[in-house]
1. Quick one: order Ser143, Ser14, Ser176, Ser37 by neighbouring beta-carbon count within 10 Å, fewest to most.
2. Which whole-number percentage describes the relative contact order of the stretch 40-151, with Cα contacts under 8 Å and a sequence gap of 6 or more?
3. So how compact is the stretch 65-116: Cα radius of gyration and Dmax in angstrom?
4. I'd like the Kirkwood hydrodynamic radius of the stretch 36-93, using the inverse of the mean 1/r over distinct C-alpha pairs, in Å.
5. Taking the beta-carbon count within 10 Å as an exposure proxy, list Glu82, Glu132 from fewest neighbours to most.
6. Given the peptides 86-94, 65-73, 147-155, arrange them by the average over their residues of other C-beta atoms within 10 Å, most packed first.
7. Given Cα positions, please report Rg to Rh for the stretch 36-184, the hydrodynamic radius being the Kirkwood one.
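Just so it is clear, none of the values below were taken in a lab; they were calculated from the coordinates. From a predicted model like this one, the values you see are computed outputs, not experimental measurements. Ideal geometry is used to build each Cβ from the backbone, glycine not excepted, and the neighbour counts take in all protein chains shown.
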Amino acid sequence: MDSPEFIVRLHPMSIITGRGDSGDTDLLFNRRIAKTSLRVEALGAVDELNATLGLARAATTDAAFISLIDALQHRLIGLMGELACLPEDAPRYAEKNYQALTQADLDWLVETAKAHEARGVRFTHWATPGAEGSLARAGLDLSRTVARRAERAVLALHESGEPVPEIIRLFFNRLSDFLWILARVENP
């Protein structure tokens, strides 16, 4: 039986606050930053990637595939937390023991990619996403392109002088390759 839906009120304040009307937005630890900043651009790209993965997830009933997408999304949520923290607040982030990407996450991504690649990669319609009629595969191809854009945004942030941990940069480089592989295996 499906669990019932609940509406939870987190606080009496509306989501629509108007705080961003001046072109700024909130980061962690009560920091404000321009919505046009490279950091917000990177956060937005990762948020969009998370949403496209949700589309791929919703397009299948395969439990293993759903579990895999859940694992990726969980890591992206932690990664967004790290990006939503200014470099000067990184010690506070770590002190609070918030989720952060680790070498184990990168190792998981690489090992999982290799395991899926070993199953055999199909090259049918690989250059024309959606041609096979699989919404899940098309969603993964969309996610792959958004992952590359997110990677470029993260690299631009890093190159601007605002350091982004190397593990995040490496994770993105491997993530888009993994999504390409995943869109080409037999059962997404």
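1. Numbers: Ser143 29, Ser14 7, Ser176 19, Ser37 16.
Sorted ascending by nearby Cβ count, the order is Ser14, Ser37, Ser176, Ser143.
2. Values: 77 pairs, mean separation 51.3, N = 112.
Worked out over the stretch 40-151, it gives 46 percent.
3. 12.9, 39
4. On the way: mean 1/r = 0.0798 Å⁻¹.
Over the stretch 36-93, the inverse of the mean reciprocal pair distance is 12.5 Å.
5. Details: Glu82 20, Glu132 16.
Listed from fewest to most nearby Cβ atoms, that is Glu132, Glu82.
6. On the way: 86-94: 13.7, 65-73: 17.3, 147-155: 21.6.
Top to bottom by mean Cβ count within 10 Å: 147-155, 65-73, 86-94.
7. On the way: Rg = 15.6 Å, Rh = 15.8 Å.
Expressed as Rg/Rh, it is 0.99.
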